[in-house]
Every structure is written in structure tokens, then in C-alpha cells.
Amino acid sequence: MSDNKTFQKAYHLFEEDYLDHLFFEVSPEGDIDANKYSLYNFTGDPKLEHAEWASRIDMMNSWFTDMRRKNRFLYERQSQNGSKVLTKVKDPDTGEIREMLNFASNDYLNMTQNPEIWGRIQRESVKYGSGGAGGVPLLSGSMDIIEKLQIKIAEMKGMQSSIVYSSGYGANYGTISALIGKKDIAIYDMFAHASLIDGSRGSNKKFFQHNSPESLEKVLKSVQNDYINKLVILDGVYSMDGDIARLPEILDVAHFYGAWVLVDEAHATGVIGENGKGTLSHFNLEGKVDIVTGTLSKAVGSVGGYVTGSEKLINYLKYTSRSYMFSTSPFIPSVIASLQALELITDNKAPIDALWKNIHYVKKRLQDAGFDIGNAETAIFPIIIGDDVLVKEMTYRLHEKNIFVNPVPYPAVPRKLTRVRLSITAGFTKEQLKYTMDTIVEIGKELKIIS
Ligand SMILES: Cc1ncc(COP(=O)(O)O)c(C=O)c1O
């Protein structure tokens, strides 16, 4: 870091007895240089604990200002017409609206645009008024239509019972925080989703190497006599990598050591397994996993979350999971949308077949071009670059070609694995995919990501 003070900005760090400074390199305009820092510097650096809120807020805003000035602010691009294959997207800085191919949405089966779903919402939601449930589920927020959805989810997942939450985040957080007490431990795949990890904030937790039953075994062995209950937690399909959990081996190891297993089906539902039933169905392991959670916001095209398990477990969670007990029941039109979408997914294979045709095409093109796509095997494709500036540059150039993708910089993934992420949906035409792949290859060559 330069020690020329004119190129630095210093923020005071207050500690109990002394005053220190946190230095940042700045751009000529005086803001924190967007290219030199990542979100971690403003959210995760332990030094920030010693800064006043006003300083912490100022640091992040200064960094954003520089990013916007450099035209590299790739967040908050606003859709003007929902989550369509061709979405009208407004640039938050220039105000410009362009029609873009949407590879940033997890609406894998394009259910948000399905007229059968809108029709059912119109027909059935009327009797519920504006759709607000008016109460938490244990009091006045318990509703017949919510019960129908819960039965459908449990049936799809091959479990005895389920409850729905207003979000997948709430379902994961609320389930894990209800279970992990002082003498228990949560053991996570190191790539498990944040909503799962947050469930054990301030509680005992350990991590095992991504998708490694061998590493899980080491962790379980090391803690086997120290805790009363052990919960192994993983995603069925990983949200940043698109790979599928090695569930059969993980389950064997966990059960050998007397641990329970929780699988989050957020990106597996509607994508893998018989008629999109998810990871358990994919491996013929229905009924073998202790807890299955998920979201209704991805292939289901709505919003809300769920947890499924034995009838006794679900009954226990109803009275112990605080994000369930103390939060109003989900919005009724979203419940109706979820119910109709799940019926469509389990009754008709055509959208899933179309999705897989698109997945196969994209995978082949990316691999043939020489991109590092890790172990991607579902609808999520990382283009692993390992350089935040290049990730932003590639995202920006794709944006300019009307291709909407997500940048995934550090600290969302480790520094060496930063990436551009593409989500594939069923509704893309062959021509749209070909244009996108041709463009990605061209930009990949320009940026020397591939040769
Ligand atoms: C793996 C995973 N689990 C849970 C969630 C949270 O779901 P929701 O958006 O419904 O809160 C997400 C993303 O949103 C996710 O990717």
C-alpha cells in the first residue's frame, strides 16, 4: 500500500484506550478505490469492530461511489417486467433500460411467467382478500390453503410432514437455531448456504471440506464424545457451483456416527430427481434423511420456505422455531402460486426436459471452450476466474451485450474461486443460448480467461 498520504484515506478506529487508523488507497477523486478492495473489507474485516458506525457506513459508501464512477456497479440492476427470459433491465446509474437475456434468475422452469399459475391465483385468492394472513401460524394465521401446500411439499419430498415459512432463509435459520443447543453441534459442508450457517450463530459449529465424506468422517470422529446431538448440514445442489451433494456416502458416515442430516433442496427442487422431486429422489433415498428444507423462490417461481421431516419433529419445530412462531404466515397469492407450480412440476415433465436440454448445451459449449466450470452438473454454471477485477470486467462486457449474469466476487466464494455465475432456465431458445455462448467465448478470449 502506498504511504503517500494524498492517495490514502484514513478512518479512525476506536478502541478502549487508544486511537488507531484504517488506511485505504483512494482514486484520484478521493473515494476508496473500487478495484483494490472487496466487500469483505467493509463487512468482514475484524478491524471494523473498532470503527464507529458512521465510519463503517462511510467506508462502504465511498467504495460504492468509486465503483459507480468506474461504471462497474453491477448490483441492483432493476427488472421492469419480472423474471422473464428476456427481461427489461434498468441500469441503476444511467437509468438506461435494455432488454436482456436473463441468466441471473433462479426461476429454472420459468414458473413466474406461467399463465396457469396466474389463473389460479386470480380464481382462488379472491376469497382471502388482499392476501395478508393477519396472524402468526399458531394463532389466526393458520389457513386451509397453507395446509394444502404443506401436504403437497411433504408428499413431494417423501416425508411425513412439513411447515411453510415466509422465506427459505427463515426456514433454514429457524430450524437449525431451534435444534442446536449448548451441548449440540452443527457440522457444515464448507459451501453450505449462508441461511444454514446463520442458524448456528453463536453456537457450536465445525466445517468439513466441500462434498467430502472423508473430511466429514474426520470431523465427526474428532467430536464424537463431546456433544449430545450432531447435525450434518448440506445443500442438495450447491448454489454457487451447481454440483450435487454426495448424499449416499455422506449419509452413511453421518449415521455411523449417530449424527442427523439436514439437506437444503433450494436448487435441487424442480431440477433433479424424478419429476423434479429433488436430491433424495435423485439418489433413491426418500425417507432416509432426517430433515429436508427448501425454498419456494427458485424453480417453484414464488416465495416462501419449508421444512419437512417426521410428524413429531415438525410438531416440535412448530413450537420451537422462532422464525416460524413469531412471523406472520406467508402471503396467500404466493402460497397458491407455489401449490400450482408444484402440481405442474410433479405432473408434467416437459419443462424439466427443456431445462436439461439447455443445461447439456451450455455445459458442452463452456467445456469445449476451455472454461473452468468446476463440477457443475445442474442449472447453475460458474465460470471460475479467480480475479475480482476480471470478474467485474467480464460481467460488465456481457451486460453491454445484453446478457444479464451475476458476478460472484470475494467473500461470497474464496478469492481463488471468484466467478461469473450463469443460471440456466427452460425457456431459452437454442438461438439465444448460441448467441450467449458465442459472446462468452469471444469475451473470454479478449480477457485471456481462455486461449
Ligand atoms: C441454497 C439456498 N438456501 C436457501 C436460500 C434462501 O431462500 P429464500 O430466498 O427463500 O430466503 C437460498 C437463496 O435464496 C439458497 O440459495
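The values are calculated or read from the model by the stated rules, or taken from the named source; none is laboratory data. The shown structure was predicted, so the numbers you read here are calculated from the model rather than taken from an experiment. For neighbour counting, all protein chains shown are included, and Cβ atoms are generated from backbone atoms with ideal geometry for every residue, glycine included.
For region 426-451, taking the residues that are under 26 Å from the mean Cα position of the chain (by Cα) and small (Gly, Ala, Ser), the one that is nearest to Asp368 (Cα to Cα) is identified as Gly444.
Those strands (runs of 3 or more DSSP E) of region 365-439 in which at least 1 residues are aromatic (Phe, Trp, Tyr), considering only elements entirely within it, cover 380-384.
Scanning region 294-315 for residues that are among the small types (Gly, Ala, Ser), within 12 Å of the ligand (Cβ to nearest atom) and surrounded by fewer than 24 Cβ atoms within 10 Å (Cβ to Cβ) turns up just one, Ser297. Just so you know, in region 394-414 the residues that are free of Cβ contacts under 8 Å to residues at least 60 places away in the same chain and surrounded by fewer than 21 Cβ atoms within 10 Å (Cβ to Cβ) include one that is nearest to Asp243 (Cα to Cα), and it is Pro414.
Filtered by the rule that a residue be in contact (Cβ under 8 Å) with a residue 60 or more places away in the chain and under 18 Å from Ser423 (Cα atoms), region 383-393 gives Ile383, Ile385, Lys392.
Restricting attention to region 84-94, does a residue exist that is over 26 Å from the mean Cα position of the chain (by Cα) and more than 16 Å from the ligand (Cβ to nearest atom)? Checked region 84-94: at least one residue is over 26 Å from the mean Cα position of the chain (by Cα) and more than 16 Å from the ligand (Cβ to nearest atom). Would you check if there is a residue in region 324-331 being surrounded by fewer than 24 Cβ atoms within 10 Å (Cβ to Cβ), over 30 Å from Lys127 (Cα atoms), modelled with pLDDT of 95 or more and more than 12 Å from the ligand (Cβ to nearest atom)? No, because not a single residue in region 324-331 is surrounded by fewer than 24 Cβ atoms within 10 Å (Cβ to Cβ), over 30 Å from Lys127 (Cα atoms), modelled with pLDDT of 95 or more and more than 12 Å from the ligand (Cβ to nearest atom).
Each row is one residue, and each column tells you yes or no for (1) closer than 25 Å to Glu393 by Cα; (2) polar (S, T, N, Q); (3) part of a loop (DSSP other than H, G, I, E, B); (4) at pLDDT 90 or above.
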{"site": "Trp63", "(1), (2), (3), (4)": "yes, no, no, yes"}
{"site": "Asn71", "(1), (2), (3), (4)": "yes, yes, yes, no"}
{"site": "Leu74", "(1), (2), (3), (4)": "yes, no, yes, no"}
{"site": "Asn81", "(1), (2), (3), (4)": "no, yes, yes, yes"}
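Of the residues in region 185-199, at least one is over 24 Å from Ala104 (Cα atoms) and more than 16 Å from the ligand (Cβ to nearest atom).
Candidates are the residues of region 89-118 that are outside any loop (DSSP other than H, G, I, E, B) and acidic (Asp, Glu); the one that is surrounded by the fewest Cβ atoms within 10 Å (Cβ to Cβ) is Glu116.
Touching a Ser or Thr at 6+ places or on another chain (Cβ under 9 Å), among the hydrophobic types (A, V, I, L, M, F, W, C) and either outside the structural domain of Glu442 (by TED's automatic domain parsing) or surrounded by 23 or more Cβ atoms within 10 Å (Cβ to Cβ) (or both) - does that describe any residue in region 359-371? The answer is no; no qualifying residue exists.
Taken over region 119-137, the residue count meeting the criterion of being assigned to a loop (DSSP other than H, G, I, E, B) and without any contact (Cβ under 8 Å) to a residue 60 or more places away in the chain is 2. Scanning region 145-167 finds no residues that are aromatic (Phe, Trp, Tyr), more than 15 Å from Val335 (Cα to Cα) and either within 23 Å of the chain's Cα centre (by Cα) or within 16 Å of the ligand (Cβ to nearest atom) (or both).
All of (1) without any contact (Cβ under 8 Å) to a residue 12 or more places away in the chain; (2) exposed (fewer than 14 other Cβ atoms within 10 Å of the Cβ) hold for Glu155 with one exception: (2).
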